[in-house]
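Here's the structure, in C-alpha cells; my notes come after.
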Amino acid sequence: MELLQVADTVAREKNIDREIVIEAMEEAIQKAGRSKYGYEQDIRAEIDRKNGQIELKRYREVIANDDEVENEVAQLTLDQAKRIKPDVELGEFLIDDLPPLDFGRIAAQTAKQVIMQKVREAERARQYEDFKDRVGEVINGIVKRVEYGNATIDIQGRAEGLLRRDETIPREPLNVNDRVRAIIYEVREEARGPQIFLSRSHPEFMAKLFTQEVPEIYDGIIEIKAVARDPGSRAKIAVLSNDSSIDPVGACVGMRGSRVQAVVNELGGEKIDIIPWTEDLGSFVVSALQPAAVAKVVLDEEKNRMDVVVPEEHLSLAIGRRGQNVRLASMLTGWDIDVITEDQESERRAEEFKTRSALFIEALDVDDVLAHLLVAEGFTDVEEIVETPVDELNQIEGFEEEISIELQNRAANWLEQKQNELNEKQEEFGISDELMNAEGLRPNQILILGEKGIKTLDDLADLAGDELVELLGVGKMTIKDANAVILKAREHWFAEEDAAAEEAVAKAEAAAAAEAEENKDNEAESASEDA
C-alpha cells in the first residue's frame, strides 16, 4: 500500500493522472529487474492497483522450430517450450515468476530517475494540453526569477511562462515575487517541454484589458476594431458600437475616466487615444491623427498609401514626437501615411499638373489648353485615353466624336512608337525578356538599369534595396518599394531550390528502392544456394 500512497501523493502534487505515476514505477522496477537478471531478458513488472503488491515476471516467446532465434534468453522454439509446458501453442509466452527485488543504492537511484523522468514528461504533456487552447488569454502570475531582463512567471502554480525582455513594457521594473498580468501570445511544444510565451507589450494585451474593464465590450455591444501601441508611451484603439444609443468612446472612458485609467495604470502610464471606428477611411484617419486638424486626405488604393494634408501650424502635431502620432495612425489604419502641408500639396499638385500636361502635349501633339483639360478630367497617362470608350471622351466639355477618335488614334500611334523604341533599347542594352516583365518596375526604369549593367532578372535579384534606389536616382523609388521589387525578383530562386530539393529526394528514394530490390534478389539467391 505504501507504493500506492506515494503514487497518490505525487499525482496530487504534480496534478497528473495517478495511473501515469504507477506506470512510471512499473517501468522503473522493470529496468531494475533487467539490470539484475540481464538486459536481454524480457522482464515485466506489475503493481496491483488495489493492494500495491509488486509482481515481477520473465516472459519468453514461443517461436516456430524453423525460425531463427534472435534472442536466446527471451525466445524458445516450440520443441523447447513443449518440454516445459506440453500444451503450449505457437506465439504464446511462457511466464516465470521472479523473486521480489532487493533494491540496492544504485538500483534505487536508477528507479528514482526513471520515475522522475516519466513524471516530468507527463507534467509537460499536461501543461501543453492545458495551455495550447489558451492563446490570447490574460493570466495572473508571480515573477519567479529574472535573468538579463527575461522574467520567468509562475502561472498559478500550474506552469511557468516566459516574459521576454522585448515583450515587457520599457523601463518597467520586474522583481522576484512581483505580481504581473500578461497575455499568452504563443504556446510551443519543444524538446525541453512546452514553452508558454507571455507579453505585456502586445497590442492584444491592451484590447483584453479593455474587455475586462468595459462590460459593453465583454457583452459584444462594443467591438474593438483595431489597436496600435508604442508600449509604455502611447497607444490608439478604434472602437465601434453595435447599439446606436451607446457612445463607444464614452463607454470605454467610463465615469470620470475610471475605466480607461484602470488600463493606463496597468500599462505603466501609457497614454491611450480612443477613436470611433468608421468604414469611411478618410474620416477614420482624420480621427486617428487627432489632435491635429486635417484639411484633406488623398488615397492611392493601388499602393495602399494616403497623403494627409494639414495646415502648416499642425504639421508637428500630426507627425508627433519622433513620428509617433503618424506611425500609430498608420498601424491603426493599415495604410502608409504621408503627412504634408497645404503649401507642399499645392506645389506637388502643380508639378504633377505640369508633368502630365507636358506628356499629353508631346504624345498627342495638342495645345496646352486641350492638355490641361485632359489633366483636369483625371487622365494621368496616355494608355487611359486609348482604353476609355469614345462615348465617355465625348462627355468632356468641348469634345466631339471626331476629336475623341483623333486623340485615341494619336495616342495609339505614340504608344506603338514608344514600344518600338523600347524594343530597340532592349536589344541594344541586351536586356532579357524576364527583366522587361519584372513586377514593380516601369519600362523606362528597366532601361535605366539596363544602361547601368543590370540586364537579367538574376542581376536585379542580386541587388540590395538601397542599391536599386541609387541606380534609379534619388526620389524615383522608396526603399520599401525597392525591397518589394527585389524580393519578387528572387522568387524564382526559391522555386528552383524547391524543385532541386524535390528532385534530390526523388533520386534518393529511387536509389533506396533499387538497393532494397537488389538486397531482396541477393537474399533469394543465397537462400537458393543454401537449399
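The values are calculated or read from the model by the stated rules, or taken from the named source; none is laboratory data. This one's a predicted model, so the numbers in the text were calculated from it and none came from an experiment. Cβ sites come from the backbone with ideal geometry, for glycine too, and all protein chains shown count toward neighbours. What goes into the accessible areas is simple: the full protein's heavy atoms, side chains included, and nothing from ligands, DNA or RNA. Shrake-Rupley method; radii C 1.70, N 1.55, O 1.52, S 1.80 Å.
Structural remarks
- The antiparallel fraction among DSSP beta bridges confined to the chain stands at about 70%.
- Ranking 340, 379, 325 by Cα position along the charge dipole of the chain, where only Lys, Arg, Asp and Glu carry charges on their C-beta atoms, puts 325 farthest toward the positive end.
- Surrounding net charge for residue 145, when Lys and Arg each add one and Asp and Glu each subtract one, Cβ distance under 11 Å: -2
- Once exposed loop GluC sites (Glu not before Pro) are cut out (DSSP; at most 12 other Cβ, 10 Å), longest piece of the chain: 138-278
- Per-bin percent of Cα-Cα distances, the chain [10 Å]: 3, 10, 12, 15, 15, 13, 11, 9, 6, 4, 1, 0
- The longest stretch of the chain left intact once loop-based chymotrypsin sites (Phe, Trp or Tyr not before Pro) with at most 11 other Cβ atoms within 10 Å are removed from consideration, loops following DSSP, is 149-531.
- Note on the stretch 205-263: with neighbouring protein chains present and a 1.4 Å probe, carbon and sulfur make up 48 percent of its accessible heavy-atom surface.
- Under 15 Å, Cβ to Cβ, from residue 86 - net charge with Lys/Arg +1 and Asp/Glu -1: -1
- Computed per residue of the chain from DSSP H runs no shorter than four, each worth -39500 (n - 2.57), the mean residue ellipticity at 222 nm is -16000 deg cm²/dmol.
- Note on the stretch 437-489: with neighbouring protein chains present and a 1.4 Å probe, carbon and sulfur make up 54 percent of its accessible heavy-atom surface.
- When the pairs 31/132; 236/488; 418/476; 57/82; 303/455 are compared against a 28 Å limit on Cα-Cα distance, 31/132; 236/488 fall above it.
- Rounded percent of accessible protein surface that carbon and sulfur make up, the stretch 9-101, 1.4 Å probe: 43
- For the chain, the solvent-accessible area works out to 60 Å² per residue, with a probe of 1.4 Å and every protein chain left in place.
- Exposed trypsin sites (Lys or Arg not before Pro) absent - longest run of the chain, DSSP non-H/G/I/E/B, at most 10 other C-beta within 10 Å: 193-531
- Cβ-defined net charge surrounding residue 357, 13 Å radius [Lys, Arg +1; Asp, Glu -1]: -4
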